[in-house]
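Enquirer: Quick one: structure below, then a few questions.
Nothing in this text is a laboratory measurement; each read-out follows from the coordinates by a stated rule. Since the model is a prediction, treat every value here as computed from it, not as a measurement. No Cβ is skipped: glycine too gets one built from the backbone with ideal geometry, and neighbour counts run over all protein chains shown.
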Amino acid sequence: MNATINGLTYDTEEAEEICMCPSPDGDDILYRTEDGRFFLQKSETFMDGVKLCPDQDPDDIIGANYEGMDDDDFLDELEKASRERERRCKTTRTIVPMTEREALLWCVKTQIPDCFRGYVLESI
């Protein structure tokens with residue numbers, strides 16, 4: 001994915017992936033360009049046109065129940081749930097340029113456990 005913002009090109013194929021914050025809503029990935037600029041590839045998932053919250057999993061909302069099924073029934077239900085998810089869900093990705101400080105704060109908030117964040121934030 002690439003985008004030109006304010007005359008600067010941001011390309012996920014050319015940039016170095018620094019870290020990722022996975023979620024059912026879509027993975028957000030921090031990149032750094034060869035010349036040192038940071039940008040975030042932000043993902044958002046919509047179900048039936050409504051934006052999902054970061055902690056909402058489309059599979060949980062669709063509500064497939066696989067308990068007690070034999071292998072064939074399980075695979076059939078899994079396929080149905082997958083088709084339903086593809087039909088009802090759309091994921092968008094956008095590129096958000098970030099300053100060095102914004103990138104650092106994003107890393108602290110998404111990569112450092114809650115119990116240590118305060119200590120790290122105090123030191124920067």
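Enquirer: If I take every Cα pair under 8 Å that is 6 or more residues apart in segment 1-117, average their sequence separation and divide by the length, what percent do I get for the relative contact order?
Expert: 25
Enquirer: For Cα extents along the principal axes in Å, which listed value, [x] 49, 34, 21; [y] 53, 38, 26; [z] 82, 44, 26, comes from the coordinates shown?
Expert: Answer by label: [y].
Enquirer: Counting pairs on different chains as well as pairs 8 or more places apart, how many Lys pairs in the chain have Cα atoms under 19 Å apart? Display every interim value, and only then the final one.
Expert: Values: K42/K51; K42/K90; K42/K109; K51/K90; K80/K90.
Lysine pairs, 8 or more places apart or on different chains, close enough: 5.
Enquirer: Name the residue farthest towards the positive end of the dipole of the chain from the options G7, V96, T110, assuming +1 on Cβ of Lys and Arg, -1 on Cβ of Asp and Glu, about the Cα centre.
Expert: Result: G7.
Enquirer: Let me ask something additional. Which FRET efficiency value, to the nearest 0.05, do you get for Q56 and E14 by plugging their Cβ-Cβ distance into 1/(1 + (r/R0)^6) with R0 = 41 Å?
Expert: Calculated transfer efficiency: 0.80.
Enquirer: Between M1 and D70, take the C-beta separation as r, use R0 = 35 Å, and let me know the FRET efficiency to the nearest 0.05. Present the calculation step by step, with values, prior to reporting the outcome.
Expert: Numbers: r = 41 Å, r/R0 = 1.18.
Calculated value: 0.25.
Enquirer: Further question: Expressed in nm to one decimal, what extension gain is obtained for the pair S123 and C89 from 0.36 nm per residue of sequence separation less their Cα-Cα distance?
Expert: Taking 0.36 nm per residue and subtracting the Cα distance, the gain is 8.1 nm.
Enquirer: Roughly how big is the chain's charge dipole about its Cα centre, with Cβ charges of +1 (Lys, Arg) and -1 (Asp, Glu), in debye to the nearest 20?
Expert: 880
Enquirer: Please compute, over every Cα-Cα pair in segment 15-87, the percentage with a separation greater than 16 angstrom.
Expert: Summing the P(r) of segment 15-87 above 16 Å gives 62 percent of all pairs.
Enquirer: Can you compute 3J(HN,Hα) from phi for each residue in segment 114-119, using the Karplus curve 6.51 cos²θ - 1.76 cosθ + 1.60 with θ = phi - 60°, rounded to whole Hz and x for Gly and Pro?
Expert: 3, 5, 9, 4, x, 4
Enquirer: Taking R0 as 30 Å, what FRET efficiency do you get between E77 and D114 from their Cβ-Cβ distance, rounded to the nearest 0.05?
Expert: My answer for the efficiency is 0.25.
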